[in-house]
Amino acid sequence: MGHRGLFVGLTTLDLIYGVTHLPHANEKQVATEFEIAAGGPATNAAVTFRHLGNAAILLSGIGQHSVTGLIRADLDAQQVQSYDLLPERMDAPPLSSITVTQQNGDRAVVCRNALNWQASPECIPADCLRDVDVVLVDGHQIKVSVTIAKSARQRGIPVVLDGGSWKVGLEKVLPFVDYAICSADFLPPGCTTQAEVIQFLLGAIAQPNIAITRGGESIQYVCGEQVGEVAVVPIAPVDTLGAGDAFHGAFCHWILQVPFGEAVREAGTIAALACQEFGTRSWLERVSAENRR
């Protein structure tokens, strides 16, 4: 096994449907493809990190509802170790219904996120940072993320932020973040442009390492005094669901081995692979030994 990563945030049960087009009002449509899998940014990143030859530990809320058996079975199949922050919860965990358009790979997501599934720092297992080489937080468990990120910072463990979108309270995590990997949808309060987002993050995070992904466009990054762009692999996307999560998991793998810009480039290659198969699991078979090195 390579490195050991801790992934903190959201776990959902994803119901993923392939469709010829997005349904119209009152339309019933038979899906062309279907997949059930554990989902959520931190969860999918952990799966990617594990598949690249590492040990992945997931810290999230799962609970004891009947459908959580499907979540646990998928995590077991992907060999991701999980710590449940809310083991006594009996209600349904966050669920996602996702439609993926066959023509261009675009997805539409309806999700119940972790707003009502917030855990307190007292729920954190005492040994979850033992022998950990990298931590990722996705912002869906703010109080837990603050405690974990602060503790990781004190131990010299790098902290990666999955900045898919701005979350309330995220400003409390940022002082402990070493790498902010954000999407174009990540807009902190008062920011309307990517230039403003970069300036905001440079004044907020612990280290000046920032990358902003922009779908099929180049990835902008700042690393210390270095400013640059990384071209993305040109592909015909089949399914863009989870591509950002795969990017973050791959970045966590590569940043432990290569400089920042190269880690961003390698992560982009993995994200491109993820876009070329339906769902969030079948693409893993495309990962080669070269991708894992």
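Some observations on this one:
- Wholly enclosed strands (runs of 3 or more DSSP E) of the stretch 196-293 bearing at least 1 residues under 20 Å from Ile157 (Cα atoms) and in contact with a strand residue (DSSP E or B) (Cβ under 8 Å, 6 or more places away or on another chain): 209-214, 217-223
- One residue alone among Leu161, Leu170 is over 12 Å from Ala211 (Cβ atoms) and either of a type in the set (Phe, Trp, Tyr) or crowded, with 20+ Cβ neighbours inside 10 Å (or both), and that residue is Leu170.
- Any hit, the stretch 155-173, residues being under 19 Å from Arg50 (Cβ atoms), in contact (Cβ under 8 Å) with a residue 24 or more places away in the chain and small (Gly, Ala, Ser): no
- Filtered residues of the stretch 208-240 (kept if touching a Phe, Trp or Tyr at 6+ places or on another chain (Cβ under 9 Å) and modelled with pLDDT under 90): none
- Flag for Leu86 being at pLDDT 95 or above, surrounded by 13 or more Cβ atoms within 10 Å (Cβ to Cβ) and outside any loop (DSSP other than H, G, I, E, B): no
- Pairs meeting the criteria (first residue in the stretch 105-133 and within 21 Å of Val168 (Cβ to Cβ), second residue surrounded by 11 or more Cβ atoms within 10 Å (Cβ to Cβ) and among the acidic types (Asp, Glu), beta carbons under 9 Å, at least 6 apart or on different chains) are Val109/Asp14; Cys111/Asp14; Cys123/Asp84.
- Count of residues meeting criterion [over 18 Å from His3 (Cβ atoms) and surrounded by 18 or more Cβ atoms within 10 Å (Cβ to Cβ)] in the stretch 246-263: 0
- Yes/no for Val80 being touching a Ser or Thr at 6+ places or on another chain (Cβ under 8 Å), farther than 30 Å from Glu33 by Cα and of a type outside the set (Asp, Glu): no
- For Ala274, the criteria (1) within 23 Å of Tyr17 (Cβ to Cβ); (2) without any contact (Cβ under 8 Å) to a residue 24 or more places away in the chain hold in every case but one, which is (2).
- Residue match in the stretch 166-181 (condition: under 21 Å from the mean Cα position of the chain (by Cα) and among the small types (Gly, Ala, Ser)): yes
- Single residue of Ile148, Ile98 found to be of a type in the set (Val, Ile, Thr), under 16 Å from Lys172 (Cα atoms), out of contact with any Gly (no Cβ under 7 Å at 6 or more places or on another chain) and buried (at least 16 other Cβ atoms within 10 Å of the Cβ): Ile148
- Number of the exception - Ala56 against (1) closer than 19 Å to Gly244 by Cβ; (2) touching a Ser or Thr at 6+ places or on another chain (Cβ under 7 Å); (3) not β-branched (Val, Ile, Thr): (2)
The values are calculated or read from the model by the stated rules, or taken from the named source; none is laboratory data. Predicted, not measured: the structure shown is a model, and the values here were computed from it. All Cβ positions, glycine included, derive from the backbone under ideal geometry; neighbour counts span all protein chains shown.
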